[in-house]
Amino acid sequence: MKLHKAGAAAAAALVLALTATACGGDSSDDSGSGGGGKIAIGIKFDQPGLGLKTPDGTFTGFDVDVATYIAKELGYDAKDIEWKQAPSAERENLIANGDVKFVAASYSINDERKQKVDFAGPYFLAHQDLLVRADDNSITKAADLNSKKLCSVTGSTSAQNVKEKLAPKAQLLEQGGYSECLTGLENKTVDALTTDDSILAGYAAQKEHAGKFKLAGLKLSDENYGIGLKKGDTKLLGQINDALKKMESDGSWQKAVTANFGPAGYKNEPAPAIG
């Protein structure tokens with residue numbers, strides 16, 4: 001009987017150990033530091049220069065570089081990162097549901113969003129701008145769009161800002177994606193494309209667009225990009241802010257800006273003050 005009892009106890013211990021292992025299999029380590037675990041990070045998959053999933057399955061862009069640097073400071077190697085697509089409308093949900101540790105996805109800080117998530121940073125100051133053909137010098141101010149055809153994506157706040165406040169007589173064409181606007185701009189069916197200058201610079205910097213487009217440099221709004229994370233996680237907020245400060249001070253921030261936006265001749269703002 002003693003042997004049978006011992007065997008039963010050992011079996012029970014094994015079951016408990018296996019159960020604990022199964023319960024601990026989350027892909028993102030909640031401790032805020034690495035140690036062999038994985039970390040899930042939300043980025044855009046379709047924004048050249050910021051967050052782009054390439055045909056070979058790799059990820060490139062300024063937001064990717066920033067997120068990778070932060071992850072490293074939290075204790076995770078690049079191979080430990082699980083990139084998750086974070087469309088604009090889903091960013092808050094991904095954070096609230098715990099699907100990602102944080103989001104770095106051209107995520108402008110504003111009062112409405114701060115009711116739902118906390119923001120580390122800002123780590124980049126962008127401006128709404130216009131992309132025009134490289135040989136077009138007819139648009140030097142927003143009012144010049146009153147006689148022009150303006151393209152943006154459906155539901156874009158940038159397009160509405162121009163239409164409602166800056167150039168009410170502009171002919172607005174809304175497309176499903178920026179690629180369609182770029183095709184129209186190249187084919188001269190539209191005269192300008194509007195969104196954040198960082199996004200425009202990313203498209204203009206692509207090899208297939210080299211020399212075709214330029215930014216108008218109008219700075220029609222201020223867009224402070226922040227790292228979105230779950231509300232109340234002050235420890236992670238402080239860790240990310242520390243990482244961002246280090247990235248700027250050691251030169252990695254400017255290196256990432258130059259690598260991702262430089263080919264478009266983009267004149268970026270200095271790194272903004274953190275916090």
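The values are calculated or read from the model by the stated rules, or taken from the named source; none is laboratory data. Everything quoted here is computed from the prediction, not taken from an experiment. Every residue, glycine as well, gets a Cβ built from its backbone with ideal geometry; the counts of neighbours run over all protein chains shown. These area figures cover heavy atoms from the full protein model, side chains too; ligands, DNA and RNA do not enter into them. Shrake-Rupley method; radii C 1.70, N 1.55, O 1.52, S 1.80 Å.
Extension gain for the segment GLU269 to LYS38, taken as residue separation times 0.36 nm less the Cα-Cα distance, is 79.8 nm to one decimal. When the Cα gyration tensor is reduced to axis lengths a ≥ b ≥ c, the ratio a/c is 1.5 or higher for the stretch 122-275, and with a/b above b/c it is classed as prolate. The orientation-averaged projection of the convex hull spanning the C-alpha atoms of the chain amounts to 17.9 square nanometres. Evaluated at q = 0.15, 0.22 Å⁻¹, the base-10 log of the normalised Debye intensity for the stretch 34-92, with identical point scatterers placed on the Cα atoms, takes the values -0.42, -0.85.
Rounded to the nearest 10 degrees, the inclination of helix 62-74 to the longest alpha-carbon principal axis of the chain is 30 degrees. When both bridge partners sit in the chain, DSSP labels roughly 60% of those beta bridges antiparallel.
Over the C-alpha atoms of the stretch 62-101, the Rg to Rh ratio, Rh being the Kirkwood estimate, stands at 0.99.
Taking the stretch 208-235 and a reference point 7 angstrom along Cα→Cβ of GLN160, the backbone N atoms nearer than 17 Å belong to 221-222.
Using every pair of separate Cα atoms, the Kirkwood estimate puts the hydrodynamic radius of the stretch 185-267 at 15.3 angstrom. Extension gain for ASN187 to ARG113 (0.36 nm times residue separation, less C-alpha to C-alpha distance): 22.9 nm.
Per residue, the chain reaches -10000 deg cm²/dmol at 222 nm when only DSSP H runs of four or more residues are counted, each adding -39500 (n - 2.57). With the biggest extent put first, the Cα atoms of the stretch 170-215 measure 28, 21, 18 Å across the principal axes. Rolling a 1.4 angstrom probe over the chain with all protein chains present gives an accessible area of which 52% lies on carbon and sulfur atoms.
Measuring against 18 Å, Cα to Cα, the residue pairs LYS53/LYS79; LYS44/LYS165; LYS219/LYS267; LYS114/LYS231; LYS116/LYS163 contain LYS44/LYS165; LYS116/LYS163 as the ones spanning a longer distance.
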